[in-house]
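The values are calculated or read from the model by the stated rules, or taken from the named source; none is laboratory data. Quick caveat: nothing in here was measured; it's all calculated off a predicted structure. A quick note on method: Cβ atoms are made from the backbone with ideal geometry, for glycine too, and the neighbour counts reach across all protein chains shown. The area values use the complete protein model at the heavy-atom level, side chains included, leaving out ligands, DNA and RNA. Shrake-Rupley method; radii C 1.70, N 1.55, O 1.52, S 1.80 Å.
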Amino acid sequence: SVDDPEPKYGLAVVGEVAPEKILTNTGLRDGDALVLTKALGIGVATTAIKRGEASAALAAAAVASMTASNGPAARVALAAGATGATDVTGFGLLGHLARMAAASGVDAEIDVAAVPFPAGVRALAAAGVVPGGSRRNLDAVSPVLDDGGYGEVDRLLLADAQTSGGLLFGAAPDRAAAAVAELGPPAAVVGRVRSGTGRIRLR
């Protein structure tokens, strides 16, 4: 799915998992709160790094995010009673959530102001420093997206293609709040789930 002049290096991880600890992208439930465990904007940050336009602080924040393990977040999600989860990687928050919502038979609402981003990312996105994959992600999800009047920059940031992004999982609201408190920033409750047909609404 990648067509560009840069060389790529990939790895595969093979292992075992206990069946009772599997979280799938079909497990969101009506009433769940949505928890995001890492900040978005890594695609914008890495694009800025390649263009020589990223501050040292943003570059350091991006590296720290990409090298942070999702192991603790996965354990917290299980402890919070989550049954539905996905990583947030190449398809961005909107792309991965759209797939999970459709597979779970629910609609999702995103509280745009609650979504965490590293400092400086919004200004870069507003200046056009956005990877092509993020634009393709937004185009792909647009048919099921009610944008709530939010502009293109907000939509692109929510669709930003991540490398080694965090987890997105659903849990009962009180347990979601406790999970966020345990994980600490930048983890945040970023939305909620209702029964539906796979649509996403921004508010």
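Convex hull volume of the Cα atoms of the chain, normalised per residue: 120 Å³.
Could you pull out the trypsin sites (Lys or Arg not before Pro) across region 1-59 that fall in loop regions by DSSP (anything but H, G, I, E, B) with no more than 14 other Cβ atoms inside 10 Å? Let's see the in-between values first.
Values: sites: Lys8, Lys21, Arg29, Lys38, Lys50, Arg51; in loops: Lys8, Arg29, Lys38.
Listed in order of number, the matching sites are Lys8.
Amide H contacts of Gly90 (H built 1.01 Å from N, in plane; Pro and chain starts excluded): Gln162 sit under 5 Å, all sequence-distant by 5 or more or on other chains. Once the convex hull of all Cα atoms in region 1-108 is built, its volume per residue stands at 142 Å³. In this simple spin-label model, placing a label point 7 Å from the Cα along the Cα-to-Cβ direction at both Thr24 and Ala181 gives a separation of 3.3 nm. The H on the amide N of Thr26, modeled in the peptide plane, is under 5 Å from the matching H of Ala85, each at least 5 residues off or on a different chain. Computed over protein heavy atoms with a 1.4 Å probe, the carbon and sulfur contribution to the accessible area of region 142-203 reaches 52%.
Of the accessible area of region 31-133, with the probe set at 1.4 angstrom, what percent is carbon plus sulfur? Summing carbon and sulfur atoms, their accessible area is 61 percent of the total for region 31-133.
Annotation: peptides 182-189, 90-97, ranked by per-residue average of other Cβ atoms within 10 Å with the highest first, follow the order 90-97, 182-189.
Quick check for you: with a 1.4 Å probe and neighbouring chains kept, what is the accessible area per residue of region 32-87, in Å²?
Per-residue accessible area for region 32-87 comes out at 38 Å².
Using a probe of 1.4 angstrom and keeping all protein chains present, the accessible surface of region 117-203 works out to 46 square angstrom per residue.
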